[in-house]
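Below is one structure; the comments refer to it alone.
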Amino acid sequence: MLRNILPAIALLSLAQTALAQTPFDQNVGAFVQKNCAMCHNEQLKTAGLALTKYRDTAAMIHDRDIWEKVVTRVRAGEMPPKGLPKPSAEQIAATTNWIEAQFDHYDATAKPDPGHLTAHRLNRTEYNNTIHDLLGVHFEPAADFPADDSGFGFDNIGDALSVSPTLMEKYLAAAKKIATEAIPIALVPPKPTQFKFAPEHGVREDRPTLEHTFLLPAEGDYDIKAGANGKRDPFTLTLFLDGKEVKSQNITVVPDKPRTIELRLHLAYGPHTLRSVLTPHDPSDDEYEAINRARIADAEGMAKQILRHPEDEKQIRLQHVGEPTYADSIELRGPFNALTPPLPPTYAKVFICGHPLGQHNAQCMRTDLAHFARLAYRRPVTNVELAKMDRLMLSVEKSGLTQEQAMRVGVEAILVSPNFIYRIEHDKRDPSAVHEVDDFELASRLSYFLWSSMPDETLMTLASDHQLSKPDVLNAQVKRMLEDPKSVALVDNFAGQWLELRNLDSVHPDPDQFPQFTKSLRQAMYTETHMFVTAMIQEDHSILDFLDGKYTYLNEKLADFYGIPGVKGPEFRRVSLDGTQRSGVLTQASVLTVTSYPTRTSPVLRGKWILENVLNTPPPPPPPGVGSIDEKGGALRGTMRQQMEKHRANPICAGCHTKMDPLGFALENYDAIGRWRTQDANQNIDSSGVLPNGQKFQGSAEMKAILASRKDAFAECLTEKLMIYALGRGLEGFDRTATKKIVARLKQNDYRFSALISGIVDSVPFQMGRGDAAPYLAKLGAPAK
Amino acid sequence: MILTRKHVSRRSLLRGMGAALALPMLDAMVPALSAAAAVTRKATPNRMVFCYVPNGIDMRNWRPEAVGRDYVLPKILQPLAPIQDNLLVFSGLKDHNGEALGDGPGDHARAAASFLTGVHPRKTSGSDISVGISVDQVAAQKMASQTRLASLELGIEDGHLAGNCDSGYACAYVNSISWRSPTVPNPPEVNPRSVFELLFGSGEDAGDPAARARNNKIDQSILDLVSDDTRTLARDLGPTDRRKLDEYLSAVREVERQVQMAEKQAAENTLAVPTMEKPDGIPLEYGEHAQLMFNLLTLALQTDTTRVSTFMLAREGSNRGYREIGVPEGHHGLSHHRNDPVLMDKVAAINRYHMEQFASFVTKLKNTPDGDGTLLDHTMIVYGSGISDGNKHNHDDLPVLLAGGGRNFKTGRHVKLNESIPVANLYLSMLDAMNVPTQSLGDSQGRLNYLTEIS
């Protein structure tokens, strides 16, 4: 094959020298000819790359992301690959520096392009949060909506979010429910209903307490019942109401003894917290007898079953082990003898006029609705829009509805309007017109970035006064918003998706192999990572702590799981990881679990995760034809690593797997639910590895040290991900300028998280907008391949 | 049968009997002496349902050996024994646009996206998704004037996970098989309670026809206002944004149509009435969940609330385990079996488990009278996958069968095609039977001729 290429290359280089030598030719062209053209030419197009077709700087800048990758790979020594002659260090430096200088020049002089944000509908989380902030309504209306499609790893990408008729129906139904709950039409004592809190109980879980806040619809008498379930041992069940003990009783979960405590209390309207606590005690003679009788009966039953089905003995024994006693439910029935409830707080949010029920006039109905619309549409409402709403209200009132019923209709209409459902920025139609977004649009961008919800009154006022875009005002607002509890949305939604934490809810490690993976352990894993990221934001840590921060947040259960001594009690607290193998998020059980399969670890998944989410070098897609690995058949044996080695022996696969697998192997000491282990399939685990550039490491600590040394790669990775999340669109070539600025800012500020947030908020893509993308893209033409 | 001006409403019948019964279309229920009645009584409509299973099938245990009428049902198809006469098992259908065709990996996304559309999906992980309209939506658009719900999309697995979906393809491609248009998917509903409410309403104004009529009017006014708002908004926006709002507008119009039809049915007393309890939510067990969804589907077909449906028995690329049948390992992982017979057997067990759910559905349809025959006679149900062998990820020799549709096709055979034929050909023939003749769909090359012949 080489024989065919050489003459072609000879001709090419002849042709090159024949032309006048531009700076591009001198600095890049010659280098490419000598070191890359053997494979990356227009005939072979190895890995889809034809570097020889770039003839000038403009073309190179057009495909900037490709060339930046070229610089990274050549500098890291990954290209040219092993076995081919390598250029000298000086040549590499000269060429790559020159290329970067071109990009820097472009960044400094070219017109900024902030990209265009497509009409962006609220996703489920944003819908729930917005409704809650708008009205304080206490249920999650979007729980029923179909799942949001995600793009670029996040579910808040405008282009990826669509509206199907099913979703439209749901919007209508949700708007009705919300309006009905927020606006009572009459104040009548409600009829008694049942309020039950009985969460699913994980198999063989310990659950000695249960707590729930009930929202009572009116003052009255309520029958309260708290119960326990499972088998074994006598307990005392104590019930607390709003922190004070109200009843205590001995219970034993055997057939003829009580297993619930019941009482009737007179409770006020509003929220009340009920907590049931199980404490064990020594059995009385009476209880002892009852328990023994029950145990004997149980054993007899089990023996009979085994006699009948001797082959199922193991299963039957398992079934009869039973659960430890656990608090299983808290229930209220009522209100009986109810009093008329007061107006709910939502009423005042809608009827800002302050008139009581049924005593509004036409004027205040109009102002109230206008006020609501302004908040819901996140901008001032036009007279035309108001007039349309007025007409709707009038026609509804004509059909005989009360004022409150009419207002419900108005609220419903607003909540299904595209002005509410979509965040739309009114760009000028000219695609090349770049402009600052107006203050209301900026307020929405800010609030949906940091709170996944609508702007609050402070932001709206600053926007009306045209103050928000002023740098010191903006900075102060960012600070305030991060300190507000609503910023938990950043952890839930950004970290939840970047770290794939949300998947923790739906992984199912095989209970036979991993019986410790109980519901409370799963919850603890989630809490650990959640608190870690929260601390990062609230305490403004360096983002490098994600890689090798030597601390975390544990409770006794999780500390035991990790083998870390000295942590007692169910509360979470900060724990130092000095002296242990773990650090950062990579060795947190949550991340280790979501990058595994139900029955085993996956070095490939873990390696890929690191490449995508830490090093910003997602592996290229497998070449066509892959998938039929080892067609000769036969099962693969040995440790996970040994099995993977066989895959990598295939040269088609090795190219990517030499990058992914070593990173995953380093983590092989952590099993599929994140526990430390030294053996797999009865053999010692070998967690050493070699990266493509030759760097060697032994174990996860050394691998992480190498990752930590690539600070800038990680900074860039996190910046890009957070930008995608903040903007709600994928990043394009023209965003590189902004990204580089933000990374530089991070470096200047010790990589503190706040520098990342302000960097993004102050960036061109965040503060500016451009007209619709489609014609602009047409101008660019298809990307070079 | 005595024709009087009075006719019996289904609701009063239910009240009288009080119990949850399946209600056949009694002649007495049809409004007497109306022209519409004559049409309805003559032509019981056809329905079409598409059931999808992911990650391919263990073809060793799917492909029957013998061809024609007397073939033995292999292990995965065995649960269909009670309805073998109503089956058409195909060997040789292909989904060409599931292949890479130069786009690299992503067979799962392509399989799901092309299965009902016959179009190669655009490879993108975010913004500009594009495939084609799916066969069920082609039919649904025509049904829109006749049933309250143009179509019903059901599923078992919710799509909202973090991370990417398949090698650079947007999650929309693996989450839905039904596509309203090349850019708008119809994501499936996975919560049985929501499906119930979709079919029968949330029951708030159930007993009060005056209230319901008024609410319908209000809904229509609201939707009018919303349409108006949307059109006004769109005027000032560029093409990409306008497209988004067009989506919104067409969704609003569809809901308007449903509201109007509900009003009409309420006035004529032909609103669908449920014959089962409202489900609480999503059952924990797979089998229970699947059965509940199939029951709701049966009810939807029976009450003529819809005539078109798709049901994803799991997301394409699903990696859930099935402990209840002794296979806790992830399905997707197993499907990359590397020709290990132990793993292939586990895949076969999962395939069979899915088939068992399907089998009890079609058996129930066979035992449900409908018009002049059974519900199975009048419903064409496709069951299959866009991937053949899960390890090779090939998209020819697809596992596809057609159940029912007895009065349109000659069922009870294993049809082995001489050459690879696009599965879209089958869909065109089905559309013919739905009275929605269509020239082409995706990569179709005409109708499938083998449906009405014995050979």
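Might you let me know whether the stretch B:308-327 holds any residue that is under 19 Å from B:Phe200 (Cα atoms), facing another protein chain (nearest Cβ under 8 Å) and under 22 Å from the mean Cα position of the chain (by Cα)? The answer is no; no qualifying residue exists. Applying the criterion of at least 2 residues that are within 25 Å of A:Ile178 (Cβ to Cβ) and within 14 Å of chain B (Cβ to nearest Cβ) to the helices (runs of 4 or more DSSP H) found wholly in the stretch A:391-490 leaves A:403-415, A:418-421. Being open to solvent by 40 Å² or more (accessible area, probe 1.4 Å), out of contact with any Phe, Trp or Tyr (no Cβ under 8 Å at 6 or more places or on another chain) and under 30 Å from B:Gly371 (Cα atoms), is that true of even one residue in the stretch B:242-262? Yes, that holds for at least one residue. Pairing each residue of the stretch B:257-286 that is assigned to a loop (DSSP other than H, G, I, E, B) with any residue that is among the aromatic types (Phe, Trp, Tyr), provided the two are 6+ apart or on different chains, yields C-beta distances under 7 Å for B:Ala272/B:Phe200; B:Pro274/B:Phe196; B:Pro274/B:Phe200; B:Lys278/B:Phe196; B:Pro279/B:Phe196.
Can you confirm whether the stretch B:205-216 contains a residue that is open to solvent by less than 40 Å² (accessible area, probe 1.4 Å) and either hydroxyl-bearing (Ser, Thr, Tyr) or facing chain A (nearest Cβ under 8 Å) (or both)? No, every residue in the stretch B:205-216 fails to be open to solvent by less than 40 Å² (accessible area, probe 1.4 Å) and either hydroxyl-bearing (Ser, Thr, Tyr) or facing chain A (nearest Cβ under 8 Å) (or both).
The conditions of being more than 24 Å from A:Asp206 (Cα to Cα), within 14 Å of chain B (Cβ to nearest Cβ) and out of contact with any Pro (no Cβ under 8 Å at 6 or more places or on another chain) are met by A:Leu499. Is it the case that the stretch A:714-728 has a residue that's open to solvent by less than 20 Å² (accessible area, probe 1.4 Å) and outside any helix (DSSP H, G or I)? Yes, the stretch A:714-728 has at least one match.
Scanning the stretch A:103-150 for residues that are at pLDDT below 85 and of a type in the set (A, V, I, L, M) yields A:Ala108, A:Ala110, A:Val137, A:Ala143, A:Ala147. Going residue by residue through the stretch A:206-228, is there one that turns out to be open to solvent by less than 20 Å² (accessible area, probe 1.4 Å), more than 18 Å from A:His281 (Cβ to Cβ), assigned to a strand (DSSP E or B) and among the hydroxyl-bearing types (Ser, Thr, Tyr)? Yes, that holds for at least one residue. Just one of the numbered conditions (1) part of a helix (DSSP H, G or I); (2) touching a Pro at 6+ places or on another chain (Cβ under 7 Å) is not true of A:Gly689: (1). Of all residues in the stretch A:128-146, those that are within 7 Å of chain B (Cβ to nearest Cβ) and surrounded by fewer than 22 Cβ atoms within 10 Å (Cβ to Cβ) total 1. Can you confirm whether the stretch A:82-97 contains a residue that is within 36 Å of the chain's Cα centre (by Cα) and of a type in the set (A, V, I, L, M)? No: zero hits. B:Arg110: at pLDDT 90 or above, crowded, with 19+ Cβ neighbours inside 10 Å and under 23 Å from the mean Cα position of the chain (by Cα), yes or no? Considered against the rule, which asks whether it is at pLDDT 90 or above, crowded, with 19+ Cβ neighbours inside 10 Å and under 23 Å from the mean Cα position of the chain (by Cα), B:Arg110 comes out as yes.
Residues that are farther than 25 Å from A:Met525 by Cα and either surrounded by 21 or more Cβ atoms within 10 Å (Cβ to Cβ) or touching a Gly at 6+ places or on another chain (Cβ under 7 Å) (or both) within the stretch A:662-682 comprise A:Pro662, A:Ala681, listed in sequence order.
Only a single criterion out of (1) of a type in the set (A, V, I, L, M, F, W, C); (2) modelled with pLDDT under 90; (3) surrounded by fewer than 19 Cβ atoms within 10 Å (Cβ to Cβ) is not satisfied by A:Val614, namely (3).
Checking the stretch B:379-390 against the condition returns a match, with at least one residue being open to solvent by 10 Å² or more (accessible area, probe 1.4 Å), within 14 Å of chain A (Cβ to nearest Cβ) and at pLDDT below 95. In summary, A:Lys349 fulfils each of the numbered conditions (1) surrounded by 12 or more Cβ atoms within 10 Å (Cβ to Cβ); (2) at pLDDT below 85; (3) charged (D, E, K, R) with the single exception of condition (2). Any residue in the stretch A:398-408 that is open to solvent by 20 Å² or more (accessible area, probe 1.4 Å) and over 25 Å from A:Asp368 (Cβ atoms)? No, there is no match, as no residue in the stretch A:398-408 is open to solvent by 20 Å² or more (accessible area, probe 1.4 Å) and over 25 Å from A:Asp368 (Cβ atoms). Scan the stretch B:296-320 for residues that are in contact (Cβ under 8 Å) with a residue 40 or more places away in the chain and open to solvent by 20 Å² or more (accessible area, probe 1.4 Å) and the total you get is 7. When restricted to residues that are at the interface with chain B (Cβ under 9 Å from one of its Cβ atoms) and either open to solvent by less than 20 Å² (accessible area, probe 1.4 Å) or of a type in the set (Lys, Arg) (or both), the stretch A:510-529 contains 1. Considering only residues in the stretch B:119-130 that are open to solvent by 10 Å² or more (accessible area, probe 1.4 Å) and either more than 10 Å from every other protein chain (Cβ to nearest Cβ) or of a type in the set (S, T, N, Q) (or both), the one that is nearest to B:Arg47 (Cα to Cα) turns out to be B:Val119.
Apart from one condition, B:Ile177 fits all of (1) in a helix (DSSP H, G or I); (2) in contact (Cβ under 8 Å) with a residue 12 or more places away in the chain; the exception is (1).
Mind counting the residues in the stretch A:319-334 that are open to solvent by 80 Å² or more (accessible area, probe 1.4 Å) and part of a helix (DSSP H, G or I)? The total comes to 2. Condition (residue is farther than 23 Å from A:Arg124 by Cα, assigned to a loop (DSSP other than H, G, I, E, B) and at pLDDT 80 or above) applied to the stretch B:152-165: is it met by at least one residue? Looking for residues that are farther than 23 Å from A:Arg124 by Cα, assigned to a loop (DSSP other than H, G, I, E, B) and at pLDDT 80 or above, one finds none in the stretch B:152-165, hence no. Restricting B:Asp158, B:Asp166 to those that are at the interface with chain A (Cβ under 9 Å from one of its Cβ atoms), closer than 28 Å to A:Ala119 by Cα and out of contact with any strand residue (DSSP E or B) (no Cβ under 9 Å at 6 or more places or on another chain) reduces the list to B:Asp158. Taking first residues from the stretch A:172-184 that are free of Cβ contacts under 8 Å to residues at least 60 places away in the same chain and partners that are of a type outside the set (D, E, K, R), the Cβ contacts under 9 Å between residues at least 6 apart in sequence or on separate chains come to A:Ala173/A:Pro141; A:Ala173/B:Ser202; A:Lys177/A:Val137; A:Lys177/A:Phe139; A:Lys177/A:Pro141; A:Lys177/B:Ser202.
Of all residue pairs spaced 6 or more apart or on separate chains, those with beta-carbon atoms under 6 Å, a first member in the stretch B:220-232 that is more than 7 Å from chain A (Cβ to nearest Cβ) and under 19 Å from B:Lys264 (Cβ atoms) and a second member that is acidic (Asp, Glu) and open to solvent by less than 40 Å² (accessible area, probe 1.4 Å) are B:Leu223/B:Glu256. For the stretch B:324-359, the set of residues classified as open to solvent by 50 Å² or more (accessible area, probe 1.4 Å) and over 21 Å from B:His393 (Cβ atoms) consists of B:Glu324, B:Ile325, B:Gly326, B:Arg352, B:Glu356, listed by residue number.
The values are calculated or read from the model by the stated rules, or taken from the named source; none is laboratory data. Being a predicted model, the structure only gives us computed values, none of them experimental. Backbone-built Cβ (ideal geometry, glycine too); neighbour counts: all protein chains shown. Side chains included, ligands, DNA and RNA excluded: accessible areas come from the protein's heavy atoms. Shrake-Rupley method; radii C 1.70, N 1.55, O 1.52, S 1.80 Å.
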